[in-house]
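Trainee: Take a look at the following structure, please.
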Amino acid sequence: MSLFGSYQPLYSFSGFFVGMLVGITGVGGGSLMTPLLVLLFGVHPATAVGTDLLYAAITKTAGTAVHGMHGRVNWRVVGLLASGSVPAALVMLWIMAGVNRESPAVAHTITFSLGCLLLLTALMLIFRGQILEAIRKWRGERGKLAPRTIAVMTVILGLVLGTLVTMTSVGAGALGVTVLLVLYPQTDVREIVGSDIVHAVPLTLIGGMGYWFIGEIKWSMLFALLVGSIPGIVAGSLLAPRLHERSVRLILAVTLTVVAWKLILP
């Protein structure tokens, strides 16, 4: 009863807006949803992160099914990422459980980290192609990496993603896909994206369940967000072919930069 009794239509409207942008650009909802909850609705950063992690786990499950059915998943890469990200997520949850999450210092740490990752996401949206080209050129001058080195670096990437995603709910898309494209340049981009999405499901689910365990999930808010975001993602996916992707990504990058500025320098 409490789930529906405290239903807020504004959350659903925000969920629809975020879902539509996700459908159009493919940018992860965490880059948009968590800062929206913190800045617009005044939700505590830890509650915003925890709720958004469960939101991401639910919405990304559909993407996992689609990529899995089309065979666009490299399960070895997913396993290497998870071997680093899952332990890192558990350690981060243990840290979050042990600190006073109501203290201004903890809230500032989360919002500052979130702001920095949003800036990184904005840069990737605009300059990913140039960054990848520069790194590939640099790699080409030094020869190919050994398979064992690539495997170790993938595990380290998982470790970083597990820490960042559990702390801020952001990072898996912008950082993960870019680094994977560098480590596996011969792999199809769709397979990289599919593997990243599949890896994000257990990572966000573990993070979300951990935040639930420590009491930082707002279920009525999660329900309202899902009510809006699921049709939003469908609408965005249908609208995407009619829009100029480069222009949309540029507008989104500018928006993320402004939001990041407000989080870093409140």
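The values are calculated or read from the model by the stated rules, or taken from the named source; none is laboratory data. Quick caveat: nothing in here was measured; it's all calculated off a predicted structure. Here the Cβ positions follow ideal geometry from the backbone for every residue, glycine too, while neighbour counts run over all protein chains shown. To get the accessible areas, we keep the full protein, side chains included, count just its heavy atoms, and leave off ligands, DNA and RNA. Shrake-Rupley method; radii C 1.70, N 1.55, O 1.52, S 1.80 Å.
Trainee: Taking region 161-179, which residues are on the phi < 0 side of the Ramachandran plot and polar (S, T, N, Q)? Give the derivation first.
Mentor: Going residue by residue through region 161-179, those that are on the phi < 0 side of the Ramachandran plot are 161-168, 170, 172-179.
Across region 161-179, the qualifying residues are Thr163, Thr166, Thr168, Thr178.
Trainee: So Ser195 fits all but one of (1) small (Gly, Ala, Ser); (2) open to solvent by 50 Å² or more (accessible area, probe 1.4 Å); (3) in contact (Cβ under 8 Å) with a residue 60 or more places away in the chain; what number is the exception?
Mentor: With (1) small (Gly, Ala, Ser); (2) open to solvent by 50 Å² or more (accessible area, probe 1.4 Å); (3) in contact (Cβ under 8 Å) with a residue 60 or more places away in the chain applied to Ser195, the lone miss is (2).
Trainee: Let me spell it out: the conditions are (1) in a helix (DSSP H, G or I); (2) at pLDDT below 90, and Ala48 meets all of them except one. Which number is the exception?
Mentor: Every condition holds for Ala48 apart from (2).
Trainee: For region 233-247, which positions are modelled with pLDDT of 75 or more and in contact with a Ser or Thr (Cβ under 9 Å, 6 or more places away or on another chain)?
Mentor: Ile233, Gly236
Trainee: Do you know which residues across region 222-236 are more than 24 Å from Gly50 (Cβ to Cβ), open to solvent by less than 60 Å² (accessible area, probe 1.4 Å) and under 19 Å from the mean Cα position of the chain (by Cα)?
Mentor: Gly236
Trainee: Still on this structure: Within region 86-142, restricting attention to residues that are under 18 Å from Thr47 (Cβ atoms) and not in a helix (DSSP H, G or I), which residue is most open to solvent (accessible area, probe 1.4 Å)?
Mentor: Across region 86-142, the extreme among qualifying residues is Glu102.
Trainee: Search region 252-266 for residues that are over 11 Å from Leu123 (Cα atoms) and open to solvent by less than 60 Å² (accessible area, probe 1.4 Å) and pair each with any residue that is of a type in the set (Gly, Ala, Ser) and outside any loop (DSSP other than H, G, I, E, B) when their beta-carbon atoms are under 6 Å apart and the residues are at least 6 apart or on different chains.
Mentor: Ala260/Gly115; Leu263/Gly115; Ile264/Gly115
Trainee: Here is a further query. Identify the single condition in (1) under 30 Å from Val155 (Cα atoms); (2) open to solvent by less than 30 Å² (accessible area, probe 1.4 Å); (3) of a type outside the set (Lys, Arg); (4) assigned to a helix (DSSP H, G or I) that Val170 does not satisfy, given that it satisfies every other one.
Mentor: (4)
Trainee: Something else now. So which residues in region 15-30 are modelled with pLDDT of 70 or more and open to solvent by 10 Å² or more (accessible area, probe 1.4 Å)?
Mentor: Phe16, Phe17, Met20, Leu21, Val22, Gly23, Ile24
Trainee: Within region 199-221, count every residue that is of a type in the set (A, V, I, L, M, F, W, C), outside any loop (DSSP other than H, G, I, E, B) and open to solvent by 10 Å² or more (accessible area, probe 1.4 Å).
Mentor: Within region 199-221, the first condition is being of a type in the set (A, V, I, L, M, F, W, C), and the residues that meet it are 200-201, 203, 205-206, 209, 212-214, 217, 219, 221.
Okay, now just the ones that are also outside any loop (DSSP other than H, G, I, E, B), so 200-201, 203, 205-206, 209, 212-213, 219, 221.
From what is left, the residues that are open to solvent by 10 Å² or more (accessible area, probe 1.4 Å) are 201, 205-206, 209, 212-213, 219.
Counting residues in region 199-221 that are of a type in the set (A, V, I, L, M, F, W, C), outside any loop (DSSP other than H, G, I, E, B) and open to solvent by 10 Å² or more (accessible area, probe 1.4 Å) gives 7.
Trainee: Considering only residues that are touching a helix residue (DSSP H, G or I) at 6+ places or on another chain (Cβ under 7 Å) and within 14 Å of Val78 (Cα to Cα), look in region 182-192 and name the one that is surrounded by the fewest Cβ atoms within 10 Å (Cβ to Cβ).
Mentor: The extreme case among them is Tyr184.
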